[in-house]
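Asks: Pasting in a structure now, in structure tokens, and then I'll have a few things to ask.
Each value in this text was obtained by applying a stated rule to the coordinates, not by laboratory testing. Note that the coordinates shown come from a computational prediction; the quantities given were computed from them, not determined experimentally. Here Cβ is always computed from backbone atoms with ideal geometry, including for glycine, and neighbour counts include all displayed protein chains.
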Amino acid sequence: MSRIGKRPVPVPSGVTASVDGQAVSAKGPKGEMNFVVNDLCLVEMGDGGVEIRPVDSSKEARSMWGMSRTMVSNVFEGVANGFTRRLELVGVGYRAQMKGKTLVLALGYSHDIEFEPPAGIDIKVGRPTEIEITGIDKQAVGQTAAKIRGFRPPEPYKGKGVKYEGEYIFRKEGKKK
């Protein structure tokens, strides 16, 4: 039995939620989102919030149960507070800056990398070595952060590159004479 799926998803204050068949919609101070729950789960509005149950006891239905509950929870969290990912640039001369809505990265290549964020994603550069990515869709925020990190992933010898805030880089020892 899914420990996550058993609990109803509470609707945060300031968020209006509605269930229409398999579609869950939420509107809050940050924006509006919806999620269509898999057909192997039943969705209904209850006293404690949105309740999700599997259709039957098959392995597929039980697999979708906890995932669907977490996705609905992420929708509510996103429209209420939003999600944030922070990246750090480590390396001499590595820097980031904003030109309008475009993120311009100097990562040691012969050219600067220009990255246009997708719709619904905001990018801020506080210091030249820190990037903050915010949005209401957790998947889109994480995907954008992964794309930016992919331009120059951290390398294990000196630790240079773009890394997530607080990420531990496993270090290797270099050549010995």
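Asks: Rg (Å, one decimal) plus Dmax (Å, integer) for the alpha carbons of segment 83-164?
Replies: According to the Cα coordinates of segment 83-164, Rg and Dmax are 11.9, 36 Å.
Asks: Once the mean 1/r over all distinct Cα pairs of segment 3-80 is inverted, what Kirkwood radius in angstroms do you read off?
Replies: 12.3
Asks: Highest mean first, what order results for 139-147, 58-66 on Cβ atoms within 10 Å?
Replies: Going by the mean number of other Cβ atoms within 10 Å, highest first, we get 139-147, 58-66.
Asks: Using the crude model of +1 on Lys and Arg Cβ and -1 on Asp and Glu Cβ, and no other charge, please compute the dipole size for the chain relative to its Cα centre, in debye to 20.
Replies: The calculation lands at about 1240 debye.
Asks: Let me ask something additional. Identify, among 33, 161, 104, the residue whose Cα sits farthest towards the positive end of the charge dipole of the chain, taking +1 on the Cβ of Lys and Arg and -1 on the Cβ of Asp and Glu, with the dipole about the Cα centre.
Replies: Of the listed residues, the answer is 161.
Asks: Same structure, new question: Sum up the lysine pairs in segment 83-164 that clear both bars: alpha-carbon distance under 24 Å and a spacing of 8 or more or different chains.
Replies: The result is 16.
Asks: With +1 assigned to the C-beta of every Lys and Arg and -1 to the C-beta of every Asp and Glu, and no other charges, what is the dipole magnitude of segment 83-164 about the Cα centre in debye, to the nearest 20?
Replies: On the way: 14 positive and 9 negative charges, 43 e Å.
Its charge dipole is roughly 200 debye.
Asks: Once the other residues with Cβ under 15 Å from the Cβ of residue 42 are scored (Lys, Arg +1; Asp, Glu -1), what is the net sum?
Replies: It works out to a net charge of -2.
Asks: For segment 2-48 and segment 116-177, what is the separation of their C-alpha centers, rounded to whole Å?
Replies: Cα centroid of segment 2-48 versus Cα centroid of segment 116-177: 31 Å apart.
Asks: Relative contact order, percent, of segment 83-164 when contacts are C-alpha pairs under 8 Å separated by at least 6 residues?
Replies: Working: 158 pairs, mean separation 29.2, N = 82.
The normalised contact order for segment 83-164 reaches 36 percent.
Asks: Using a ≥ b ≥ c from the Cα gyration tensor of segment 1-40 (square roots of the eigenvalues), is it rounded, prolate or oblate, where a/c under 1.5 gives rounded and otherwise the larger of a/b and b/c decides, a/b for prolate?
Replies: Oblate shape, in that a/c is at least 1.5 and b/c is the bigger or equal ratio.
Asks: Say each of residue 81 and residue 58 gets a label point 7 Å from the Cα, pointing the same way as Cα to Cβ; how far apart are those two points in nm?
Replies: In this crude label model, residue 81 to residue 58 measures out at 3.6 nm.
Asks: Treat every Asp and Glu Cβ in segment 3-80 as -1 and every Lys and Arg Cβ as +1, leave all other atoms uncharged, and give the resulting dipole magnitude about the Cα centre to the nearest 20 debye.
Replies: 320
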